[in-house]
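Before any comments, here is the structure.
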Amino acid sequence: MRNTFLSIIFITAFTSCTIQVEPPKPYGALPTDSQLKWHEMEYFSLVCYGLNTYTEQEWAYGDVDPKLFNPSNLNTDQWAKVAKDAGMKGLILVSKHHDGFCLWPSEYTDYSVKATPWKDGEGDVLGDLSKSCKKYGLKLGVYLSPWDRNHTEYGSPEYVLYYYNQLNELMTEYGDIFEFWIDGANGGTGYYGGADEKRNIDRRTYYGYDTIFSIVKNSQPDAVIFSDVGPGTRWVGNEAGLGSETNWNTINVKGKFPGEPDPEYQKTLGTGVPDGESWIPAEVNTTLLWPKAWYYHTGRQPRSLQNLMDLYYTSIGRGSPLNLGLAIAPSGRIRDIDAQALLKFRKQVDREFEVNLVENAKITASDVRGGISDFASEKCIDNDNKTYWATNDNVQNATLNIEFGAETTFNRLILQEYIALGQRVRKFTFEVEKNGNYQNVAQGTTIGYKRILRFDEVKTSKARITMETDAPCLTLSNLGIYNAPQLVVDPVANFNIKGNLSFDIEKGISIFYALGNKPKASDFKKFKTMVHLPAGGKVHFYAKDKETAFQSDVIIEEFGIAREKWKVISVNGAMIKDAVKAIDNDPESFFTVNDDTKHPHEIIIDMGERHIINGFSYLPRQDGRKEGIIYEYAFYISNTGKNWEEPVAVGTFSNIENNPVRQIVKFENETKGRYLKLVSKSAVRQSNSASFAEIEVFAIE
């Protein structure tokens with residue numbers, strides 16, 4: 001009896017004691033509370049609207065009459081509702097782009113909505129959007145271009161003060177701002193109040209970035225500041241929607257400034273560095289319209305569902321939020337076709353991550369911090385991002401074992417670290433058990449806020465995840481395993497130099513196509529054999545699964561005339577053999593004029609016969625380098641190849657440095673001729689060379 005009594009006392013005393021285990025110590029640079037909230041947003045939009053919408057320019061010159069801005073049905077509630085229904089968490093308005101036109105009635109300029117017929121000059125787009133965001137539970141952000149091609153005093157200290165004053169308006173008069181967007185756009189050609197000239201600035205010192213950032217933080221302490229180099233979030237280094245597979249949220253930015261042409265550092269913007277001094281995560285930004293365009297352009301279509309899903313996995317799936325640019329139509333609304341594309345995207349994401357198969361599985365770990373439940377393996381499947389599994393200090397390699405209890409099919413893996421204490425994982429593998437052995441089905445480097453991997457369907461009852469770190473220990477706050485329904489893959493069209501159209505066809509898939517601008521459903525034909533289209537033209541096509549009858553979105557591509565008869569006559573007055581790379585139908589090859597002289601450079605081509613032409617296209621080099629990419633151009637047509645009259649097109653390939661895709665230019669009037677001349681008047685980054693990957697023309701037969 002006495003022994004029993006003592007045992008009860010001992011057990012009571014033991015169970016009344018709480019084992020205290022310290023959580024992991026913070027590792028490396030850490031996110032602020034504002035950055036953590038920003039990470040959790042995952043998906044938002046840069047809203048592009050203004051005079052550019054009505055001129056269909058990406059970078060306007062600054063000389064457009066503001067009276068052109070007169071939307072028939074501007075409705076920011078519609079913008080916000082579409083964004084909310086699409087799953088977005090915020091909208092960032094391009095309040096002023098490089099043309100200087102302001103979407104709010106700024107006290108400091110008349111080049112704004114005050115000078116427009118819209119609402120008799122009493123309107124305020126930013127003010128309306130601020131109210132709409134509150135109504136629909138979205139966060140508001142703003143972009144204010146530092147480059148102003150309209151302002152008379154751009155390049156002088158007076159303009160910088162003007163910019164600061166406008167920034168203060170935005171930060172103090174429109175409520176809470178979750179993100180302030182600024183880029184490195186700077187000096188170049190502009191209207192500048194009628195000067196019509198080129199102005200250069202010191203990229204590092206002119207704008208006074210420290211002052212800009214302090215203005216933002218003084219009024220909006222919770223705002224995350226975006227630029228090439230932060231300080232809140234960094235540019236990912238491209239506008240293609242591609243986050244880096246290795247994506248450290250930490251980076252070193254000392255001595256770096258927005259807008260500096262540094263190709264090697266641009267790569268680092270994507271990857272970050274594992275021991276970076278500052279937590280400045282990458283943001284992935286690209287456009288809904290395809291081919292890529294930030295502002296409205298007639299005929300541009302939204303990305304296909306498969307394309308959007310690919311963006312999801314190369315942005316959010318690689319640990320970076322997706323900032324998907326929305327182009328407002330001239331009416332002042334998001335087009336129905338764009339809204340429907342966004343809603344389909346939202347529904348597909350929901351479908352792919354509807355059921356987490358690991359929630360009912362048994363999960364064990366090779367190591368648990370302190371051996372207590374506070375850091376147990378179950379913490380990464382409890383749907384709470386504030387709890388996490390952790391290992392003991394000095395355990396830098398650990399495994400999570402998953403037992404489903406029955407054969408389970410899946411093709412997606414989600415992992416999330418507890419980044420409030422730093423980013424740690426440098427390598428991980430995912431294996432499944434087959435016949436008593438484990439097989440590797442997926443692997444990666446960094447995890448960070450979130451990592452999602454796609455792989456072919458596997459079936460197993462057991463799986464395991466092994467992670468490695470250089471930090472003292474590991475953490476994981478979320479683990480998800482899903483079986484996503486498969487989409488019908490977008491078909492790929494091939495158009496050869498002879499003008500023959502064909503498609504890549506997978507087993508069990510049929511391709512249907514139609515020609516012309518607006519084909520009806522009855523116009524689509526099943527592709528059976530190569531189609532000869534010597535004059536090129538627009539082709540609409542989609543893929544259909546024979547078994548399920550599911551089909552892809554309709555893809556639209558425009559092809560130029562067949563170039564089989566084309567010959568390069570001269571480059572800068574001399575024939576150069578390698579110049580054929582500009583017309584060889586191979587987008588990966590390119591020709592560069594490395595002339596000792598400066599611009600202009602020119603290439604002259606004989607098309608072999610006369611054509612009625614209504615446009616041309618230029619594809620810049622696709623090797624990732626920028627040297628020689630044409631910025632200012634002039635395009636000529638001639639019947640003789642000797643007598644060249646006025647150019648049929650003159651302009652700039654706006655934003656081509658960051659968006660090096662095929663540039664299509666349509667003429668105001670059709671023209672007829674046999675010879676063409678493309679003149680490079682200047683190149684990006686003030687390069688003396690000019691490069692050409694592909695040149696095409698669009699003809700009417």
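The values are calculated or read from the model by the stated rules, or taken from the named source; none is laboratory data. Nothing here was measured: the structure is a model prediction, and the numbers come from that model. Counting neighbours? That spans all protein chains shown, and the Cβs are built from the backbone with ideal geometry, glycine included.
Where strands (runs of 3 or more DSSP E) fall entirely within the range 182-294, none has at least 3 residues that are in the same structural domain as Asp63 (by TED's automatic domain parsing), of a type in the set (Phe, Trp, Tyr) and more than 29 Å from Gln166 (Cβ to Cβ).
Residue-wise test of (1) within 30 Å of Thr652 (Cβ to Cβ); (2) among the basic types (Lys, Arg).
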{"position": "Gln166", "(1), (2)": "yes, no"}
{"position": "Gly175", "(1), (2)": "no, no"}
{"position": "Glu179", "(1), (2)": "yes, no"}
{"position": "Lys198", "(1), (2)": "yes, yes"}
{"position": "Asp222", "(1), (2)": "no, no"}
{"position": "Asp228", "(1), (2)": "yes, no"}
{"position": "Glu277", "(1), (2)": "no, no"}
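If you go through the range 613-653 and keep only what is outside any strand (DSSP E or B), touching a residue at least 12 places away in the same chain (Cβ under 8 Å) and within 17 Å of Phe667 (Cα to Cα), you end up with Trp644, Pro647, Val648, Phe653.
Take the residues in the range 430-455 that are outside any strand (DSSP E or B) and without any contact (Cβ under 8 Å) to a residue 60 or more places away in the chain, then tell me which one is nearest to Glu468 (Cα to Cα). Per the criteria, the residue is Gly436.
Yes/no per residue for (1) within 28 Å of the chain's Cα centre (by Cα); (2) closer than 13 Å to Tyr108 by Cβ; (3) loosely packed, with under 14 Cβ neighbours inside 10 Å:
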residue: Trp147; (1), (2), (3): yes, no, no
residue: Tyr154; (1), (2), (3): no, no, no
residue: Pro157; (1), (2), (3): no, no, yes
residue: Tyr207; (1), (2), (3): yes, no, no
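For the range 545-557, taking the residues that are of a type outside the set (Ser, Thr, Tyr) and within 23 Å of the chain's Cα centre (by Cα), the one that is nearest to Lys666 (Cα to Cα) is identified as Glu557.
How about the range 268-313: which of its residues are closer than 24 Å to Glu179 by Cβ and of a type in the set (Lys, Arg)? Passing the criteria: Lys292, Arg303.
From Gly259, Gly270, grab the single residue that is closer than 26 Å to Gly317 by Cβ and either touching a helix residue (DSSP H, G or I) at 6+ places or on another chain (Cβ under 8 Å) or not hydrophobic (A, V, I, L, M, F, W, C) (or both).
Exactly one of Gly259, Gly270 is closer than 26 Å to Gly317 by Cβ and either touching a helix residue (DSSP H, G or I) at 6+ places or on another chain (Cβ under 8 Å) or not hydrophobic (A, V, I, L, M, F, W, C) (or both), namely Gly270.
Does the range 302-322 contain at least one residue that is under 17 Å from Ile556 (Cβ atoms), crowded, with 18+ Cβ neighbours inside 10 Å, modelled with pLDDT of 95 or more and touching a Cys at 6+ places or on another chain (Cβ under 7 Å)? Scanning the range 302-322 turns up no residue that is under 17 Å from Ile556 (Cβ atoms), crowded, with 18+ Cβ neighbours inside 10 Å, modelled with pLDDT of 95 or more and touching a Cys at 6+ places or on another chain (Cβ under 7 Å).
State the number of residues belonging to the range 323-341 that are over 13 Å from the mean Cα position of the chain (by Cα) and either surrounded by 22 or more Cβ atoms within 10 Å (Cβ to Cβ) or outside any helix (DSSP H, G or I) (or both). First the steps, then the outcome.
Quick first cut of the range 323-341, residues over 13 Å from the mean Cα position of the chain (by Cα) only: 327-341.
Restricting the remaining residues to those that are either surrounded by 22 or more Cβ atoms within 10 Å (Cβ to Cβ) or outside any helix (DSSP H, G or I) (or both) gives 327-335, 338, 341.
Total meeting the criteria: 11.
Of all residues being more than 14 Å from Ala493 (Cα to Cα) and of a type in the set (Phe, Trp, Tyr) in the range 504-553, which is surrounded by the most Cβ atoms within 10 Å (Cβ to Cβ)? Just the residue, please. In this case the residue turns out to be Phe524.
Has the range 430-440 got at least one residue that is surrounded by fewer than 19 Cβ atoms within 10 Å (Cβ to Cβ) and in contact with a Phe, Trp or Tyr (Cβ under 8 Å, 6 or more places away or on another chain)? Checking the range 430-440: at least one residue is surrounded by fewer than 19 Cβ atoms within 10 Å (Cβ to Cβ) and in contact with a Phe, Trp or Tyr (Cβ under 8 Å, 6 or more places away or on another chain).
The set of residues from the range 172-197 being buried (at least 17 other Cβ atoms within 10 Å of the Cβ), farther than 11 Å from Tyr143 by Cα and within 26 Å of the chain's Cα centre (by Cα) comprises Phe178, Gly184, Ala185, Asn186, Gly187, Gly188. Whether any residue in the range 363-379 is in a loop (DSSP other than H, G, I, E, B), closer than 17 Å to Gln416 by Cβ and either of a type outside the set (Ser, Thr, Tyr) or free of Cβ contacts under 8 Å to residues at least 60 places away in the same chain (or both) is what I want to check. Within the range 363-379 (the criterion being in a loop (DSSP other than H, G, I, E, B), closer than 17 Å to Gln416 by Cβ and either of a type outside the set (Ser, Thr, Tyr) or free of Cβ contacts under 8 Å to residues at least 60 places away in the same chain (or both)), the answer is yes, since at least one residue qualifies.
More than 30 Å from Trp279 (Cβ to Cβ) and either in the same structural domain as Val395 (by TED's automatic domain parsing) or acidic (Asp, Glu) (or both), is that true of Asp382?
For Asp382, the condition - more than 30 Å from Trp279 (Cβ to Cβ) and either in the same structural domain as Val395 (by TED's automatic domain parsing) or acidic (Asp, Glu) (or both) - is not met.
What are the residues in the range 94-144 that are under 27 Å from the mean Cα position of the chain (by Cα), at positive phi and either of a type in the set (S, T, N, Q) or surrounded by fewer than 21 Cβ atoms within 10 Å (Cβ to Cβ) (or both), if any? The one that is under 27 Å from the mean Cα position of the chain (by Cα), at positive phi and either of a type in the set (S, T, N, Q) or surrounded by fewer than 21 Cβ atoms within 10 Å (Cβ to Cβ) (or both): Gly137. Just a yes or no: is a residue in the range 617-632 over 26 Å from the mean Cα position of the chain (by Cα) and not charged (D, E, K, R)? No, the range 617-632 has no match at all.
Could you list, in sequence order, the residues of the range 388-406 that are of a type in the set (A, V, I, L, M, F, W, C) and either buried (at least 17 other Cβ atoms within 10 Å of the Cβ) or in a loop (DSSP other than H, G, I, E, B) (or both)? Once the filter is applied, which keeps residues that are of a type in the set (A, V, I, L, M, F, W, C) and either buried (at least 17 other Cβ atoms within 10 Å of the Cβ) or in a loop (DSSP other than H, G, I, E, B) (or both), the range 388-406 yields Trp389, Ala390, Val395, Ala398, Leu400, Ile402, Phe404.
When Ala463 is tested against (1) under 21 Å from Ser244 (Cα atoms); (2) surrounded by 22 or more Cβ atoms within 10 Å (Cβ to Cβ), only condition (1) is not met. Which is more than 33 Å from the chain's Cα centre (by Cα), touching a residue at least 24 places away in the same chain (Cβ under 8 Å), assigned to a loop (DSSP other than H, G, I, E, B) and closer than 21 Å to Arg662 by Cβ, of Lys498, Lys565? Lys498 is the lone residue from the list that is more than 33 Å from the chain's Cα centre (by Cα), touching a residue at least 24 places away in the same chain (Cβ under 8 Å), assigned to a loop (DSSP other than H, G, I, E, B) and closer than 21 Å to Arg662 by Cβ.
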